[in-house]
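The structure appears below as C-alpha cells.
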Amino acid sequence: MGIYMREALVWAFALALAIGGGDAQNSSTLVPAIITFGDSAVDVGNNDYIPTIFKANYPPYGRDFVNHKPTGRFCNGKLATDLTADTLGFTTYPPAYLSPQASGKNLLIGANFASAASGYDDKTAVLNHAIPLSQQLEYYKEYQGKLAQIAGNQNAASILKDGLYILSFGSSDFLQNYYVNPFINKVLTPDQYSSYLVGIFSSFIKVPTKLSLLLLEWMRWKNYLRPNIKRGRMSDDEKDLIIRLHKLLGNRLVAHSFSTLYFFFFHSFFLYFVFCFAEASKGCCGTGTVETTSLLCNPKSIGTCSNASQYVFWDSVHPSEAANQVLADSLILQGINLIG
C-alpha cells in the first residue's frame, strides 16, 4: 500500500475520532497508548532480559531497523505493531516492559509485555522459558500503578480506557507445546485443548473494563504459503481454535459492554502475498527453511538475501518488514472502528 493510501487512512482515523468524539491523551496521536500482549510476532525485546534461547538481539535481526541495530524484534525491521503505531501518529514506540526504557514518561504511550514463544497456555511459556500470559497480566497490573504515579489517577484511567490493546497468541501453544508435549497430547484431544485455550482467552478479555482489542494471528500465514513444509502446516486443530476464538468474540460483543472487540484474520491476504512478493516459500535469512533464533539465523548464516523487501518471510517463521507493512496497512484499514 502506497504513501497516499496511508495518508488516506490517517484521515479516515481522524474522521472516526471526530464522529465518535474520541479524545486522545496526546493530540498528535489517534489513540493515547498501545498496550501489547503476545508472542514473537509482537515481542519488541522483552526476551532480551530473560534466560531463554528465543532471542533476536543479534544480527542479522534488525538490519533494516532504526540505526540498523537489533532490538529483540524477530524481523529485519519493523513489526506490524510498529508500523501501526507510525500511522497512528506515534514518533516512538511503547517500550518492552522489562527494558530500561520502560520508565517515566515513556510509559505514557503504553507498554509491550509480549514474549517470544509464549502462548495462551502458561505451560507453553514455561516449556520455552518465555513470559507466560499470566505474568504478562501481572506486569500489566504493575504498569497501571506506575502509570497512575506518572500521569495521575484520572489521566491514567483515561489512557487505559482509550488505549488500543493488541494480542498475538496461539501458534506456539500447538507448534511448541501440544504437538511436542506427550504430557498434554496423550491426555487431551486437540478439540479439548482448543477448548482449554479458548477458556483462557475468555478470562483474559475480562481484564480491561473497556476494551479495544486486536488479535493478531500472523503465524497462520506460513501454513498457507508453505504447505510443502511439514512444520509449517496449518492443522485442523489450529483452524478450529481460530473459529472458536472468533465465535467467542462475537458472543462477548453481545454479552458485555466492551467498546469494540475485533478479530483480525490475516488469511484473506494470502493471494496478495503470493503474487506481490518475489519469494513467498522461504525466508530471507540463510536458506530460509529452518532458520530462526540464534541457533540458525545469525551473522554466519550462509545465503541470507540482500533485499528482504522481496520476501514475505524474514526467517523461516516470522514476516519481513515489507510483509508487516501490508499487514499493518490492512490492520489499520479494518480497525478504524476501534478508534473513538
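Name the residues in the stretch 160-186 that are closer than 10 Å to Thr124 by Cβ and acidic (Asp, Glu), would you?
Residue satisfying the conditions is Asp173 alone.
Which residues, counting only those in the stretch 296-318, are surrounded by fewer than 22 Cβ atoms within 10 Å (Cβ to Cβ), under 23 Å from the mean Cα position of the chain (by Cα) and modelled with pLDDT under 90?
Hits for the stretch 296-318 are Leu296, Asn298.
For the stretch 139-191, how many residues meet the condition of being in contact with a strand residue (DSSP E or B) (Cβ under 7 Å, 6 or more places away or on another chain) and within 13 Å of Ile109 (Cα to Cα)?
4
Of all residues in the stretch 25-73 being touching a residue at least 60 places away in the same chain (Cβ under 8 Å) and outside any loop (DSSP other than H, G, I, E, B), which is surrounded by the most Cβ atoms within 10 Å (Cβ to Cβ)?
Asn47
Which condition does Thr84 not pass, out of (1) under 24 Å from Ser171 (Cβ atoms); (2) at pLDDT below 95; (3) in a loop (DSSP other than H, G, I, E, B), if it passes all the others?
That leaves (3) as the condition not met.
The values are calculated or read from the model by the stated rules, or taken from the named source; none is laboratory data. Because the structure is a prediction, the values reported are computed rather than measured. All Cβ positions, even for glycine, are placed from backbone atoms using ideal geometry, and neighbour counts span all protein chains on display.
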